[in-house]
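Any read-out appearing in this document is the output of simple, stated calculations on the displayed coordinates, not a laboratory observation. None of these values were measured; they are calculated from a predicted model. So basically every Cβ, Gly included, is an ideal-geometry build from the backbone, and we count neighbours across all protein chains shown.
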């Protein structure tokens, strides 16, 4: 019997079968601005970079072959299992490579020679592939970004006292706020601090053998470096749920996640973190310090659009 899988529940468990499916439109979230004195309207639908869509409604009609008391019992059990619940996976047997995400509402039982029930699913606009994408990130040492000359805060190709003066102005700035702040963040903690300034001051005065140009640090006493790894991932055009998790970790239970060099938060042990992302992003995962290592996983399901 053709049916639907809600989470890990297939409708065949209730002895019912799917008699019809209506997949509603994922309407465009259009936005038009009427400007007085001009013809037509200004189309702002793509103002934030891409077209987005409203939720779509999927209507499922099920036939209940049971009779009398058995019919009422099955209907009650079916309601108990799915009514009002949100499912991260709703799979139609006829489209088994993809799943929808949404909340389910079980309608009224219409008793007759052939009894039927209509189920409404308020779903996200996209359907998602059942084949999970997986990127494994191995964190075993410090990975220095190759695009910056660290200490060259002004970006003129050399490191001198002018950079030190500029760094003093940047104390407290997050690295995503400017390229100067990113070049000033020696210890890669996402913010320009006095520790960064002190390291640069010692370097300029010749009191340390820090070599920022080729990213070799022979004396890291001034810096609390972390083992870290950066990868660039394209998650596709539409927002998808991305989950970050630990596969294995050594000598620590702390790890840090950043997306596009913006700190998210520090996680503990085998905690997972999920968020919605679209497009290309730089993912950085760091462990507690240079004596710690770990293997981490990034998982998401590609969007099957419509």
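Based solely on its DSSP helices, what 222 nm [θ] is calculated for the chain when runs of n ≥ 4 H residues each add -39,500 (n - 2.57) and the sum is averaged over all residues, nearest 500 deg cm²/dmol?
That calculation yields -4000 deg cm²/dmol at 222 nm.
Would you mind calculating the relative contact order of the chain from Cα pairs under 8 angstrom and at least 6 residues apart, reporting the percent as a whole number?
RCO, the chain: 16 percent.
Compute the long axis of helix 194-205 from its Cα atoms, compare it with the longest principal axis of the Cα atoms of the chain, and write down the angle in degrees, 0 to 90, nearest 10.
40 degrees
If you count, for each residue, the other Cβ atoms within 10 Å and average over each peptide, how do 91-102, 292-303 line up from highest to lowest?
The densest-packed peptide leads the list: 292-303, 91-102.
If one computes the Cα centroid of segment 44-79 and of segment 236-251, what distance in Å separates the two points?
Segment 44-79 and segment 236-251 have Cα centres spaced 29 Å from each other.
Compute the helix-to-body angle for 68-82: its Cα long axis versus the longest principal axis of the chain, expressed 0 to 90° and rounded to tens.
Between helix and principal axis, roughly 10 degrees.
Simple spin-label model, 7 Å along Cα-to-Cβ: residue 46 to residue 165 in nm?
4.6 nm
Tilt of helix 161-170 relative to the longest C-alpha principal axis of the chain, in degrees (0 to 90, nearest 10)?
Helix 161-170 sits roughly 40 degrees off the main axis of the chain.
Which FRET efficiency value, to the nearest 0.05, do you get for residue 290 and residue 177 by plugging their Cβ-Cβ distance into 1/(1 + (r/R0)^6) with R0 = 35 Å?
For residue 290 and residue 177, the calculated efficiency is 0.85.
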